[in-house]
Each structure stands twice: as structure tokens, then as C-alpha cells.
Amino acid sequence: STETKSPSRNKLFLGTFIHSKTLTELEYLHNAAVAVNSLGTIVAVSPDTDLAKAQTTILPQLSWLSEDTEIIVAKPGQFFFPGFIDTHLHASQYPNVGLFGNSTLLDWLNTYTFPLEASLSSLPKAQKVYSRVIRKTLSHGTTTAAYYATIDVPATNLLADLCLSSGQRALIGRVCMDQLGPSYYLDESPAESLTKTKQCIEHVLTKDPKMELITPIITPRFAPACSAPLMKELGQLAKETDLPVQTHISENKNEIALVASLFPDAGDSYAEVYDMFGLLTPKTILAHAVHLTEKEADLVRERRSKVSHCPCSNSAITSGAARVRWLLDKGIEVGLGTDMSGGYSPSVLEAARHAVLVSRHICMDEGRSEERDKLSVEEVLYLATRGGAKVVGMERKIGGLEVGMEWDVQLVGLHEVGDEEEEEDGGEEEGNVDVFGWESWEEKVAKWVYNGDDRNTKKVWVRGRLVHERR
Ligand code: GUN
Ligand code: FE
């Protein structure tokens with residue numbers, strides 16, 4: 001293949017394409033063709049076209065098609081799928097994945113998290129960690145990430161630069177916190193926190209003025225770490241700039257009790273604390289939302305704020321089981337987050353399968369077994385793509401394979417069990433998913449969700465640019 005990292009060529013993709021049609025339904029396009037222009041925008045989708053026919057009848061109709069057009073053909077059994085959207089993760093915490101012992105949120109922050117984040121004020125260390133986290137998440141098919149960096153301005157700006165050069169779509173958040181943290185890892189005042197936040201916003205907007213790939217995001221860490229004056233400033237900033245906001249909410253019972261004691265005026269409502277300061281906007285991403293009350297969820301819904309469901313994290317640091325069906329039934333948009341390193345894995349696929357399992361635990365805990373609280377394979381894949389796109393406010397641009405959307409896509413390949421000779425030849429990398437050829441496409445997708453990993457993510461594009469290729 002002559003495929004390059006250059007974004008400037010028209011591309012034609014041929015083969016099987018799968019994406020979410022609705023929350024409960026995937027659409028399968030076989031022998032289809034998708035044309036992508038030099039800007040990375042999908043300009044044509046030709047479903048159910050005989051491949052041979054596509055080459056002779058569809059191609060000449062695409063007037064922009066030239067000798068220069070790159071043609072990428074999925075092998076039989078492979079499929080194109082929208083890139084994953086990780087709606088909540090801490091780029092700075094990547095070195096700690098898997099390290100949480102028996103801790104819960106507040107002691108986990110003090111023991112594992114704050115010391116690591118503080119150490120990333122060393123730019124060489126930040127460079128190493130941030131390049132690695134981008135490479136790793138891309139290799140797992142994450143084409144868009146809503147990142148928390150640290151309180152450090154140069155290191156946060158470096159994360160933005162690295163996302164731009166690696167080609168990963170990202171929201172870049174400088175962490176704001178002026179209380180709760182150790183003295184060596186705190187903004188000294190609300191004013192300092194605001195100034196530094198504006199510096200990071202400015203940096204992103206200078207590097208990518210139209211926010212084509214990277215977007216600044218206002219990031220009050222969570223209510224216990226932010227004074228009232230700081231949250232008030234950040235709420236005003238959100239209003240003035242119309243930029244997105246991300247924070248944590250109602251993750252852990254001790255955290256909720258702490259918020260109630262710090263903000264007695266909020267009537268025991270964590271959501272109300274954020275709302276008092278104008279931080280519940282339609283562009284706000286609320287991570288976790290495990291223990292929201294009915295009233296809080298109604299407020300979140302009314303403000304049209306979004307939820308990032310982080311099941312791996314919620315199980316790992318024993319925060320609880322977020323009731324996704326209940327949130328969805330209320331009409332709240334939900335996406336998936338790995339929440340590295342509260343979560344132990346950089347993989348959104350892992351978060352998707354864990355979301356399935358947590359939904360089953362909710363059924364069991366309530367003494368039921370046959371219950372619509374269970375999330376299906378189709379539903380968690382929706383949350384990982386279309387749902388995530390809504391959560392980051394980009395549903396018109398990413399999350400599906402439609403004309404006008406951008407080509408943020410992963411090519412997935414499962415291991416086709418052949419005859420022994422072929423296997424000895426090497427051929428396809430094995431991975432963990434064996435398909436025998438008799439499975440339906442629905443079954444192949446289910447096998448991918450339950451047993452797939454980065455070995456199945458063969459190629460990844462963002463805005464039509466090849467950003468990862470498995471060798
Ligand atoms: N709440 C405040 N900070 C954090 C964090 O870094 N991770 C998680 N999971 N929750 C938080
Ligand atoms: Fe988090």
C-alpha cells in the first residue's frame with residue numbers, strides 16, 4: 001500500500017462498514033464504498049454495492065476521483081467501524097494504570113494520583129507520558145479523547161501539541177484545583193487558576209484556531225478541590241467563551257458527604273453545587289454520576305449536561321454501579337470513559353464490555369435476571385461512538401459513517417481460523433478472537449466486544465489521516 005500519513009489525498013474505502021443506526025441497532029453495509037475527500041470528510045456512501053460493480057460503475061461517477069486517489073480495501077472478514085470516543089480520561093495518570101490496590105477515591109487521589117500528576121511538571125517526563133498515552137489510545141481505536149492533563153501550563157500545552165502532531169482529536173483540559181490537594185500540587189488562588197486556564201485555552205486556539213482537531217475544555221477537577229470563588233470564575237468563563245466543561249460528579253459516597261459539608265447551601269445536592277456556579281451547561285461532561293438522586297438527574301437533564309460512564313473505574317476503586325438505563329430513560333446523553341487511571345485500561349472496548357457486565361450486576365443486585373436494565377452489545381457500541389460524540393458535542397462530525405461527517409474510523413480484523421498450513425504461514429495476527437467463518441456478522445461483532453483488543457485494531461484514521469497501523 002502506498003498509504004501515507006498525508007491528509008491531502010482523496011481516499012476510497014471498499015468493503016464492510018458497520019456503525020450505529022440507533023441506540024439498539026447497528027447498520028451493516030457489505031460490499032460498500034465510502035469516499036473521503038482530501039479534507040477527511042465523507043463525501044459519498046454507496047451501500048450494498050457489488051465490489052466489482054463499485055470499481056466500474058461507482059468510481060467513475062465520483063468526479064473528484066483521480067489517479068491520485070488512494071483505494072483502501074478491507075479484507076474479507078474485516079470491517080470499518082467508527083473510531084471510539086473516550087469521553088473521560090486523565091492523560092497524566094497513564095503510568096499508574098493498574099495501580100490502585102484496595103483504595104477508594106479520596107485516599108486513591110492522595111496516595112497514587114496527586115504525586116504522579118505533580119511530577120509531570122517535568123517536561124521531559126510529560127513528553128514521555130503524553131506521547132505514550134496518545135500512541136496507546138490510538139492503537140486501541142480511540143480517535144477522540146477528552147483529556148485531563150495537570151495543573152501545569154507548559155505540560156498541558158505540550159499535550160495539545162502532541163495530539164496535533166499525532167493526529168488524535170482531543171479536548172484538552174488544564175486541571176483547576178485550589179484546595180484539597182497537597183500544598184505542592186495546588187493553584188495558589190482562584191485568580192491564578194483562571195489565568196493559567198486562559199493561557200492553555202489561548203495556546204490551543206493559537207495552534208488550531210478553528211478547533212478542527214483540538215478543543216480547549218474548562219476543567220474544574222471536582223467540587224471538593226475547587227473553592228466557590230474558583231467555580232464561579234470558571235462558570236463565567238464557560239459562559240463568555242461557550243467552551244465545553246468537564247468535571248467529576250457523585251462518584252463515591254465519602255466524596256458526596258464531603259461536598260455536602262463543604263457546600264451546605266446546596267441542599268445535599270452535588271449537581272446543585274455545579275449549577276449554582278453556572279457549570280451545568282449543555283457542553284458539560286460529568287464523569288461517573290454513580291449515586292445521583294432522582295432530583296439531581298432531573299436537573300442534569302434540564303440543563304442538558306452529559307454523562308461519561310466509567311464502569312472500569314467505578315468497579316476498580318469500588319465507587320459503585322452507575323444506572324445507565326435509568327440515565328438514558330431520563331433522556332440524558334451518555335458516553336463511555338476509561339477514566340484512566342481510576343480505570344485500569346486505556347481501551348474503550350474494555351469499558352464497553354465492562355458496561356455490559358455492570359448493567360447485569362445491577363439486575364442481579366435488584367434480585368432480577370430478565371430485565372431491560374441490561375445493556376446490549378449494540379447499545380454499548382452506540383455509547384462508545386454516537387453517544388460519545390453527543391457527549392463531546394460533535395455528533396454532526398463524528399461517531400457514524402455519514403456523508404458530511406469526518407473519517408474517524410478504525411479497521412477491525414478478527415482472526416479467521418483457516419487450515420493449519422495457512423496458520424503456520426503466519427498470515428493474520430491471531431489476537432484473542434477466533435472466527436470460524438460460520439458466524440453471522442452480529443455474532444462476529446459480539447465476539448469482538450467480549451474478546452477483542454488492540455490486536456484487532458488494524459488501522460486507525462482521524463479526519464482521513466492514517467494515525468495508527470498495526471504491524
Ligand atoms: N475525582 C477527582 N479527581 C479525580 C480523578 O483524578 N479521577 C477520578 N476517577 N475521580 C476524581
Ligand atoms: Fe476521572
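Every read-out reported here was derived from the displayed coordinates using simple, explicitly stated rules and does not represent laboratory data. Remember, predicted model here, so these are calculated numbers, not experimental data. Every residue, glycine among them, receives a Cβ derived from its backbone with ideal geometry; neighbour counts consider all protein chains shown.
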Gain upon complete extension [Ser261, Asn110; 0.36 nm per residue less C-alpha separation] | 52.4 nm
Which of the chymotrypsin sites (Phe, Trp or Tyr not before Pro) across the range 111-197 are loop residues per DSSP, with 10 or fewer other Cβ within 10 Å?
-> Tyr184
Length gained, Glu212-Arg471, 0.36 nm per residue minus C-alpha separation, equals 90.4 nm
Virtual spin-label span in nm between Thr318 and Asp68, 7 Å along Cα→Cβ = 6.1 nm
Would you mind ranking Thr281, Thr197, Thr206 by Cβ crowding within 10 Å, fewest neighbours first?
-> Thr206, Thr281, Thr197
Kindly state, to the nearest 0.05, the FRET efficiency for Glu366 paired with Asp329, given R0 = 22 Å and r defined as their beta-carbon distance.
-> 0.90
If each residue's Cβ is checked for other Cβ atoms within 10 Å, how do Trp461, Trp441 rank with the fewest at the top?
-> Trp441, Trp461
Using 20 Å as the cut-off for backbone N distance, which residues of the range 219-242 belong to the label zone defined by a point 7 Å from the Cα of Lys198 along Cα→Cβ?
-> 219-221, 227-242
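If you take every residue apart from Trp108 with its C-beta less than 15 Å away from the C-beta of Trp108, what net charge results, scoring Lys and Arg +1 and Asp and Glu -1?
Details: positive: Arg221, Lys253; negative: Asp107, Glu117, Glu251, Glu255, Asp339.
Net charge in that neighbourhood comes out at -3.
Which net charge results for the neighbourhood of Ala266, defined as the other residues with beta-carbon distances under 12 angstrom from its beta-carbon, given Lys and Arg at +1 and Asp and Glu at -1?
Working: positive: Lys295; negative: Asp265, Asp268, Glu272, Asp275, Glu296.
Around Ala266, the surrounding residues sum to -4.
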Rounded to the nearest 500 deg cm²/dmol, what is the calculated helix-only ellipticity per residue at 222 nm for the chain, with -39500 (n - 2.57) per DSSP H run of length n ≥ 4?
-> -9500 deg cm²/dmol
Cα-based helix-to-principal-axis angle, 228-241 vs the chain, degrees rounded to 10 = 40 degrees
Length-normalised contact order of the chain, Cα under 8 Å, at least 6 apart, in percent, tallies to 19 percent
For Ile71, residues with placed amide H under 5 Å, excluding near neighbours | Leu12
Between Ser8 and Glu240, what length comes free when the chain is fully extended (0.36 nm per residue of separation minus the Cα-Cα distance, one decimal in nm)?
-> 80.0 nm
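For the pairs Lys128/Lys198; Lys198/Lys295; Lys253/Lys306; Lys128/Lys444, flag any whose C-alpha to C-alpha distance is greater than 28 Å.
Working: Lys128/Lys198 25 Å; Lys198/Lys295 33 Å; Lys253/Lys306 21 Å; Lys128/Lys444 36 Å.
Those over the limit are Lys198/Lys295; Lys128/Lys444.
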Could you pull out every residue, at least 5 positions away or on a different chain, whose amide H is within less than 5 Å of the one on Glu416? Hs are placed 1.01 Å off N in the peptide plane, and Pro or chain starts have none.
-> Val435
What are the ³J(HN,Hα) values, in whole Hz, obtained from phi via the Karplus relation 6.51 cos²θ - 1.76 cosθ + 1.60 with θ = phi - 60°, for each residue of the range 117-125 in sequence order, with x given for Gly and Pro?
-> 4, 4, 5, 7, 6, 6, 5, x, 5
Sum up the charges of everything whose Cβ sits under 15 Å from the Cβ of Asn254, counting Lys and Arg as +1 and Asp and Glu as -1, but leave Asn254 out.
-> -3
Run the quick spin-label model on Glu443 and Thr293: label points 7 Å from Cα toward the beta carbon, then report their separation in nm to one decimal.
-> 5.0 nm
So in the chain, what percent of DSSP beta bridges are antiparallel if you round to the nearest 5?
-> 45 percent
How far is helix 153-166 tilted, in degrees, relative to the longest principal axis of the Cα atoms in the chain, given as a value from 0 to 90 rounded to the nearest 10?
-> 10 degrees
Unit Cα scatterers, Debye sum, the chain: log10 I(q)/I(0) for q = 0.07, 0.08 Å⁻¹ | -0.35, -0.46
Of the cross-linked pairs Lys196/Lys239; Lys125/Lys459; Lys136/Lys196; Lys21/Lys374, which ones have a Cα-Cα span greater than 26 Å in the structure shown?
-> Lys125/Lys459; Lys136/Lys196
